[in-house]
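Worksheet: one structure, shown below.
Where a number appears in this text, it was derived from the coordinates with a stated rule and is not lab data. Remember, predicted model here, so these are calculated numbers, not experimental data. Cβ: placed from backbone, ideal geometry, glycine included. Neighbour counts: every protein chain shown.
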Amino acid sequence: MSISIYYFTGTGNSLKISKELASRFEDVQLIPMTAAIRNRVISDSDTIVLVFPVYMFGLPRIVREFVKKLSKQMRNKYIAAVAVNGGTIAGTLLLLDKKLKARGLQLSAGFSVITPSNFIVEFTVEEEEIKHIFEASKEKINEIASVIKSKGTPEIDRGTRKDCIFKTGILNKFLAFLIPIMDTTFKSTHSCTGCGICAKVCPVNNITIKDGSPRWHHHCQQCFACINGCPRNSIEYMKLSVGKKRYHNPYIKLEELMKK
Ligand SMILES: Cc1cc2nc3c(=O)[nH]c(=O)nc-3n(C[C@H](O)[C@H](O)[C@H](O)COP(=O)(O)O)c2cc1C
Ligand code: SF4
Ligand code: SF4
């Protein structure tokens with residue numbers, strides 16, 4: 001079987017999970033969703049897998065865009081998804097299934113993989129705990145690989161019914177409109193050196209450097225790659241990030257996040 005894994009990542013967790021999953025297959029391609037969108041999503045593989053983080057109980061905007069670019073030729077393919085999250089997946093994968101169905105496609109299998117949360121406001125995980133979480137995820141990835149190999153269709157992973165209705169169905173629907181402009185709450189501080197790393201790690205080129213500091217252009221994904229990737233911790237998310245530890249996946253180099 002041939003498999004294409006399309007990933008989106010802000011701080012590397014989804015890329016780490018994608019690489020782990022890819023290592024369980026022989027004929028496999030690992031493609032950033034951003035590149036696939038630019039080049040139209042065409043795949044010769046018989047199986048396609050989407051790997052992405054959960055944002056505000058739902059899908060990153062880029063995943064919605066990716067689904068819109070999937071051609072109808074994908075109808076006879078096996079489509080699976082892995083929603084990488086910090087513990088509250090709610091109805092994210094059901095929402096993805098709904099979006100696919102609107103295009104005449106369907107989610108054959110959807111899995112939740114829990115990782116450290118990169119939502120800076122609540123980030124508290126210590127180094128040892130991070131290692132432990134990724135060791136523990138290997139078992140789930142083995143399970144996912146074996147379902148995909150057998151083209152299984154288990155029940156899609158989801159949170160409680162209440163979370164699916166309120167968190168994904170209502171709250172996410174409302175927040176989804178605000179996400180692109182939520183970068184108006186980002187500010188760089190006097191410690192910024194104008195190095196441009198934040199612009200390089202932004203997966204959607206939403207940042208330019210002007211007069212030695214970053215400017216955000218309001219087509220943000222809220223991936224937090226810029227805040228977490230700045231080597232001088234110079235980007236703040238209102239006052240909510242002040243003094244908070246920054247995070248990027250310890251198994252993924254910053255340069256790997258610059259591939260788009
Ligand atoms: C703006 C934002 C919102 C998030 N919302 C959720 C959420 O609703 N549920 C959850 O479990 N994790 C949430 N997370 C955590 C991420 O899904 C999680 O850390 C993921 O591993 C990040 O993947 P990445 O490193 O590939 O970007 C959120 C993170 C951010 C930055
Ligand atoms: S990465 Fe940090 S120091 Fe470098 S330009 Fe961006 S905000 Fe400034
Ligand atoms: S501006 Fe920052 S949070 Fe927004 S998409 Fe770019 S890297 Fe992610």
### Task
Would you kindly derive the ³J(HN,Hα) couplings of the stretch 227-239 from the backbone phi angles with the Karplus curve 6.51 cos²θ - 1.76 cosθ + 1.60 (θ = phi - 60°), listing them in order in whole Hz, with x for Gly and Pro?
4, 7, x, 5, x, 10, 6, 8, 9, 10, 9, 6, 9
## Note on the structure
Row for the stretch 1-100, column shape: gyration tensor on C-alpha, a ≥ b ≥ c, rounded if a/c < 1.5 i.e. under 1.5, prolate if a/b over b/c, else oblate; value oblate
### Task
On a 0 to 90° scale, report how tilted helix 13-22 is relative to the longest principal axis of the chain, with both axes built from alpha carbons and the result rounded to the nearest 10.
30 degrees
### Task
Under 12 Å from the Cβ of THR92, count the other residues' Cβ atoms, weight Lys and Arg +1, Asp and Glu -1, and hand me the total.
+2
### Derived scalar couplings ³J(HN,Hα) [the stretch 46-55; Karplus, 6.51 cos²θ - 1.76 cosθ + 1.60; whole Hz; x for Gly, Pro]
7, 10, 10, 10, 9, 10, 7, x, 8, 10
## Note on the structure
Taking Cα atoms only, helix 127-149 is inclined relative to the longest principal axis of the chain by an angle, in degrees rounded to 10, of 30 degrees
### Task
Would you mind telling me which residue in ASP44, ASP183, ASP163 has the biggest mean-square fluctuation in a Gaussian network model of the chain, where springs connect alpha carbons within a distance under 10 angstrom?
ASP44
### Query
Hey, what angle do you get for helix 92-101 against the long axis of the chain, alpha-carbon based, 0 to 90 degrees rounded to 10?
60 degrees
### Query
Non-local amide H neighbours of ALA81 (under 5 Å, H modeled in plane, Pro and chain starts lacking H): which ones?
LEU50, ALA109, GLY110, PHE111
### Task
Excluding residues on the same chain fewer than 8 positions from LYS131, give the lysines whose Cα lies under 18 Å from its Cα.
LYS16, LYS19, LYS140, LYS245, LYS253
## Note on the structure
Once phi for every residue in the stretch 61-72 is put through the Karplus expression 6.51 cos²θ - 1.76 cosθ + 1.60 (θ = phi - 60°), the whole-Hz ³J(HN,Hα) values, with Gly and Pro written as x, are 4, 5, 5, 4, 5, 4, 4, 5, 8, 5, 7, 5
### Computed magnitude of the charge dipole of the stretch 142-260 (debye, nearest 20; Cβ of K, R +1, Cβ of D, E -1)
100 debye
### Task
Assuming a ≥ b ≥ c are the square roots of the Cα gyration tensor eigenvalues, decide whether the stretch 32-163 counts as rounded (a/c under 1.5), prolate (otherwise, with a/b larger than b/c) or oblate.
prolate
### Task
Go ahead and set up a Gaussian network model of the chain, Cα springs under 10 Å, then flag whichever of SER191, SER137, SER108 fluctuates most.
SER191
### Task
Among LYS151, LYS239, LYS187, determine the one that fluctuates most according to a GNM of the chain built with springs between C-alpha atoms less than 10 Å apart.
LYS239
### Query
So how strong a dipole does the chain carry about its Cα centre when Lys and Arg Cβ are +1 and Asp and Glu Cβ are -1, to the nearest 20 debye?
1020 debye
### Summary
Sorted by chain and then number, the residues having a modelled amide H within less than 5 Å of the amide H of TYR237, at least 5 places away or on another chain, are VAL242
